[in-house]
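The values are calculated or read from the model by the stated rules, or taken from the named source; none is laboratory data. Bear in mind the structure is a predicted one, so any value in this text is a computation, not a measurement. As a convention, Cβ positions derive from the backbone with ideal geometry for all residues, glycine included, and neighbour counts pool all protein chains shown. Heads up: the accessible areas ignore ligands, DNA and RNA and are worked out on the full protein's heavy atoms, side chains in. Shrake-Rupley method; radii C 1.70, N 1.55, O 1.52, S 1.80 Å.
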Amino acid sequence: MKLIRGIHNLTPEHHGCVLTIGNFDGVHRGHQALLNGLREKGRERRLPVMVMIFEPQPLELFAADKAPARLTRLREKLRYLAQCGVDYVLCVRFDRRFAALTAQSFVSELLVKRLGVRFLAIGDDFRFGAGRQGDFLLLQKAAREYGFEVTSTQSFCQDGLRISSTAVRQALAEDNLEQAQTLLGRPFALSGRVVHGDALGRTIGFPTANIPLRRQVTPVKGVYAVEVMGLGEKPVPGVANIGTRPTVAGLRQQLEVHLLDVAMDLYGRHIDVVLRKKIRNEQRFASLDELKAQIARDVITARDFFGLPTPA
Ligand SMILES: Cc1cc2nc3c(=O)[nH]c(=O)nc-3n(C[C@H](O)[C@H](O)[C@H](O)COP(=O)(O)O)c2cc1C
Ligand SMILES: Nc1ncnc2c1ncn2[C@@H]1O[C@H](COP(=O)(O)OP(=O)(O)OP(=O)(O)O)[C@@H](O)[C@H]1O
């Protein structure tokens, strides 16, 4: 899969594609179903599959405080899109200038002239262009005029409910990891690069790998039994806290992982932390000793969950 960073990096070789457009946060089973169908269309037409995404996501530009927490960072989104057999991701820089493009220009300049779209699949609720004036009807008209095909995708549902990024966030907010996994088609994971912490973890007896979360902040919070991927063949069990560490007056939200049974320096490594079971909410403790005693109990809970023997 090739990533095209910005419209200015489109070249004539990218002309002619089957296309879909959206945020694709989480690359959930609804997205996967849509992309499977699109791959089929690409195969029939011998054309590459392109996905147009936006960075930042539109709501993050228009209403940063209302924008929901991300399920996937760009890096993970791209990884999952590649796994769906996408050939090109066009990552459009979503700024005020791009947002001001009229619906007509979006179609004629970008979709037709620059991308040479032959087939377009979008949800029937898709809106685009300045003031969200472009809709499916406008696309159908444009398709006749410019000679491409457009379809509105059928909703992919689970238990009568349309699968969406919002539904995944909702499941996570309710600590329903099972439901999140069903909607995503894989277990929910937080990913990132391990940075240096305050090394306080070592002094309280539980060394942790720290991963800043930035935009991936709030779909989940608290203490979890986790499995860390990306450290070798097998997942490594651990216990993790996602929060602000009120006991030690931490500021930004971060993910901290303490590996069970393994001592490894993870600094600089990119890891995926799969959340397996919620243990408790984060708390403010009166002293470090109390925090330490609670973490020791969390470790036992996690060991039990993974069926690991409790060390003497
Ligand atoms: C399993 C686990 C549970 C934790 N629970 C809490 C908690 O409830 N409240 C809190 O303030 N900090 C909690 N922490 C964070 C600790 O405060 C943090 O690991 C310690 O301050 C070390 O920070 P450092 O790695 O930046 O040195 C937890 C950490 C782990 C690994
Ligand atoms: N369950 C689904 N079934 C079919 N198509 C879907 C489904 N969910 C999303 N799509 C389509 O995938 C594309 C990208 O969707 P997008 O990520 O923008 O929205 P979403 O997953 O519905 O998230 P949100 O909850 O933020 O609306 C759109 O064309 C959308 O219509």
Let me have the 222 nm mean residue ellipticity of the chain computed from DSSP H runs of 4+ only, each contributing -39500 (n - 2.57), with the sum over all residues rounded to the nearest 500. -8000 deg cm²/dmol
Rounded, prolate or oblate: which fits the chain, taking a ≥ b ≥ c as square roots of the Cα gyration tensor eigenvalues, rounded meaning a/c under 1.5, else prolate when a/b beats b/c? prolate
Cα-Cα longer than 25 Å, checked against 77/292; 221/292; 2/277; 2/141, kept in input order, equals 77/292; 2/277; 2/141
Which of 214, 29, 39 fluctuates most in a GNM of the chain (C-alpha springs under 10 Å)? That residue is 214
Could you check which residue among 298, 289, 175 shows the biggest mean-square fluctuation in a GNM of the chain with a 10 Å Cα cutoff? 289
Starting from the residue with the highest accessible area, list 184, 308 in decreasing order, probe 1.4 Å. 308, 184
Give me the accessible area per residue for the chain, probe 1.4 Å, as a whole number in Å². 51
Spelling it out for residue 279: with amide H atoms placed in the peptide plane at 1.01 Å from N, the residues 5 or more places away or on another chain with amide H under 5 Å from its amide H are 223, 224, 225
Please give, to one decimal in nm, the separation of the simple spin-label points placed at residue 8 and residue 285, each 7 Å out from Cα toward the Cβ. 5.2
Applying the gyration tensor rule to the Cα atoms of segment 2-162 (axes a ≥ b ≥ c; rounded if a/c under 1.5, else prolate if a/b exceeds b/c, else oblate), the class is rounded
Measure off, as a whole percent, the carbon and sulfur share of the 1.4 Å-probe accessible area of the chain, all protein chains present. 49
Whenever you get a sec, line up 234, 292, 2 from highest to lowest accessible area (probe 1.4 Å, protein heavy atoms). 234, 2, 292
Summing Lys, Arg as +1 and Asp, Glu as -1, what charge do residues with Cβ under 12 Å from the Cβ of residue 136 carry, residue 136 excluded? -1
In degrees, nearest 10, range 0 to 90: what is the angle between the Cα axis of helix 288-306 and the longest Cα principal axis of the chain? 70
With springs only between Cα atoms under 10 Å apart, run a GNM on the chain and tell me which of 145, 40, 227 wobbles the most. 145
Taking the alpha-carbon centroid of each part, what is the distance from segment 258-291 to segment 87-127 in angstrom? 42
Computed from the beta carbon distance with a Förster radius of 51 Å, FRET efficiency for residue 96 and residue 265 to the nearest 0.05 stands at 0.70
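So what's the net charge close to residue 14: Lys and Arg +1, Asp and Glu -1, counting the other residues with Cβ under 13 Å from its Cβ?
Surrounding charge for residue 14 is +3.
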Among DSSP beta bridges lying fully in the chain, give the percent that are antiparallel, nearest 5. 60
